[in-house]
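Read through the structure below, which is laid out as structure tokens, and then see the notes.
The values are calculated or read from the model by the stated rules, or taken from the named source; none is laboratory data. All of these numbers come straight from a predicted model, not from anything done at the bench. Cβ sites come from the backbone with ideal geometry, for glycine too, and all protein chains shown count toward neighbours. To get the accessible areas, we keep the full protein, side chains included, count just its heavy atoms, and leave off ligands, DNA and RNA. Shrake-Rupley method; radii C 1.70, N 1.55, O 1.52, S 1.80 Å.
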Amino acid sequence: MNEVTFDKKGTIKYLVWTFLIAWIMQIIVAVLYQNGLAMVGQLLMALLMFSPLVGVLLSGNKLFGMGWKPHLKGKIKFLLAAWFLPVVLTVIGAVLYFLVFPKHFDLSGAYLVEAAGPEVLEQLEAQGLTYPLYMLINFVSCITYAPLFNMCMAVGEEAGWRGFLYPQLKAGFGKRKGWLFGGIIWGIWHWPLIWLIGYEYGTDYVGFPIVGMLVFCIFTLVAGILCDWLYEKTHCIWIPSIFHGAINAAGTLPMAVCITSTGSARLLGPIPNGVLAGLPFIIFAAILLFKSAKSEE
């Protein structure tokens with residue numbers, strides 16, 4: 001990557017555009033959900049992921065130099081880490097969560113029924129699939145094509161956050177503070193959905209919605225460090241995009257084997273944006289943060 005000079009004005013313009021677009025879209029999503037149009041809302045949420053990329057353009061900044069053309073010679077290990085590490089850390093975190101909350105583990109398919117309707121289990125049975133076999137198929141998809149598929153959406157965020165914002169923040173404040181500020185900003189970007197529709201954690205927990213907003217910032221701080229570490233190592237925007245997409249894919253696995261209502265325990269897991277299930281990610285990011293602090297001394 002080219003040496004970055006901190007552009008305070010350009011960074012502020014980027015944040016204004018990115019938050020303006022995203023928060024307006026999130027309010028629209030909330031209205032759609034509240035009026036029984038969840039499917040349309042989900043489509044808009046997918047498009048929402050491109051607002052950071054659009055924010056770069058509207059603020060007069062450039063997308064060039066982000067590593068759109070992969071040069072992975074000698075860097076395959078980071079590609080493999082981006083592809084497989086999320087599912088490994090997610091499974092470890094889920095095991096930890098279910099060890100603490102064993103009664104939350106559920107292979108009845110209740111999660112799928114709630115998401116797709118009561119007839120979905122009959123449809124699986126008609127295809128000769130048991131729910132455990134269905135979960136095995138999902139696991140295989142998470143370690144094969146799902147990260148690549150999700151990458152196509154995640155790159156909209158990664159181009160804005162890791163491609164533009166994180167280099168600017170690191171240039172202006174140093175790596176450690178840049179990572180911290182970037183993760184908090186990324187988390188705040190999601191706040192309207194957490195507040196308006198209970199995004200990620202639902203609404204049935206102590207301290208709704210403030211506690212959920214803060215816990216999600218922990219997750220984005222951690223995920224941001226890991227994504228940016230991969231970006232620094234490869235100089236290729238597609239690698240953190242694969243990692244981001246792999247996290248999104250892997251996160252569906254623990255939820256699908258968990259009871260549908262866990263109350264405040266949802267702040268702890270079973271997916272990595274909970275504090276307990278997110279411990280493997282948190283530890284990894286903490287090690288990187290510690291190393292960056294040592295290098296800046």
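Looking at the range 7-17, which of its residues are surrounded by fewer than 15 Cβ atoms within 10 Å (Cβ to Cβ) and under 11 Å from A171 (Cβ atoms)?
As a first pass, look at the range 7-17 and keep what is surrounded by fewer than 15 Cβ atoms within 10 Å (Cβ to Cβ): 8-9, 12, 16.
Correct list: K8 only.
For first residues located in the range 82-104 and among the aromatic types (F, W, Y), partners that are modelled with pLDDT of 95 or more and not in a helix (DSSP H, G or I) and lie 6+ apart or on another chain with Cβ distances below 6 Å form the pairs Y97/G269; Y97/P270; Y97/L276; Y97/A277; F98/F105. Annotation: L63 fulfils all but one of (1) part of a helix (DSSP H, G or I); (2) open to solvent by 30 Å² or more (accessible area, probe 1.4 Å); the unmet one is (1).
Of I239, I247, I282, I225, all but one fail to be surrounded by fewer than 24 Cβ atoms within 10 Å (Cβ to Cβ) and of a type in the set (A, V, I, L, M); the exception is I282. Quick one: is V31 surrounded by 14 or more Cβ atoms within 10 Å (Cβ to Cβ), β-branched (V, I, T), within 24 Å of the chain's Cα centre (by Cα) and modelled with pLDDT of 95 or more? Here the answer is no, as V31 does not meet what is asked.
Among the residues of the range 181-219, count how many are under 16 Å from T11 (Cα atoms), touching a Cys at 6+ places or on another chain (Cβ under 9 Å) and either not aliphatic (A, V, I, L, M) or not in a helix (DSSP H, G or I) (or both). Total meeting the criteria: 2.
Got at least one residue in the range 44-56 being among the aromatic types (F, W, Y) and modelled with pLDDT of 95 or more?
Going through the range 44-56, the residues among the aromatic types (F, W, Y) turn out to be 50.
Pick out the ones that are also modelled with pLDDT of 95 or more and you get 50.
Yes, there is a match, as at least one residue in the range 44-56 is among the aromatic types (F, W, Y) and modelled with pLDDT of 95 or more.
In the range 57-80, the residues that are touching a residue at least 40 places away in the same chain (Cβ under 8 Å) and within 17 Å of K233 (Cβ to Cβ) form Cβ pairs under 6 Å with partners that are outside any helix (DSSP H, G or I) and open to solvent by 50 Å² or more (accessible area, probe 1.4 Å), at six or more places apart or across chains, as follows: G65/N2; G67/H235. Of the residues making up the range 171-180, those that are part of a helix (DSSP H, G or I) and either open to solvent by 10 Å² or more (accessible area, probe 1.4 Å) or within 15 Å of E3 (Cβ to Cβ) (or both) are A171, G172, F173, K175, R176, K177, G178, L180. P70 passes every criterion in (1) surrounded by 15 or more Cβ atoms within 10 Å (Cβ to Cβ); (2) in contact with a Cys (Cβ under 6 Å, 6 or more places away or on another chain); (3) of a type outside the set (F, W, Y); (4) within 24 Å of Y231 (Cα to Cα) apart from (1). Only one of the numbered conditions (1) more than 29 Å from P70 (Cα to Cα); (2) in a helix (DSSP H, G or I); (3) open to solvent by 30 Å² or more (accessible area, probe 1.4 Å) is violated by A265, and that is (3). Under the condition of being touching a helix residue (DSSP H, G or I) at 6+ places or on another chain (Cβ under 9 Å) and in a helix (DSSP H, G or I), the residues counted in the range 2-23 number 14.
Within the range 210-222, is even one residue hydroxyl-bearing (S, T, Y) and at pLDDT 95 or above?
Yes, the range 210-222 contains at least one residue that is hydroxyl-bearing (S, T, Y) and at pLDDT 95 or above.
May I ask you to list the residues in the range 95-124 that are acidic (D, E) and surrounded by 12 or more Cβ atoms within 10 Å (Cβ to Cβ)?
Step one: of the range 95-124, the residues acidic (D, E) are 106, 114, 119, 122.
Selection gives D106, E114.
Hey, could you check the range 184-211 for residues that are of a type outside the set (A, V, I, L, M, F, W, C), open to solvent by less than 30 Å² (accessible area, probe 1.4 Å) and under 15 Å from the mean Cα position of the chain (by Cα) and say which is farthest from S51 (Cα to Cα)? Restricting to residues being of a type outside the set (A, V, I, L, M, F, W, C), open to solvent by less than 30 Å² (accessible area, probe 1.4 Å) and under 15 Å from the mean Cα position of the chain (by Cα), the top hit is Y201.
Could you check the range 135-151 and list, in sequence order, the residues that are free of Cβ contacts under 8 Å to residues at least 24 places away in the same chain and open to solvent by less than 80 Å² (accessible area, probe 1.4 Å)? Listed by number, the residues that qualify are V140, T144. For the range 257-297, residues that are within 11 Å of A94 (Cβ to Cβ) and modelled with pLDDT under 95 total 0.
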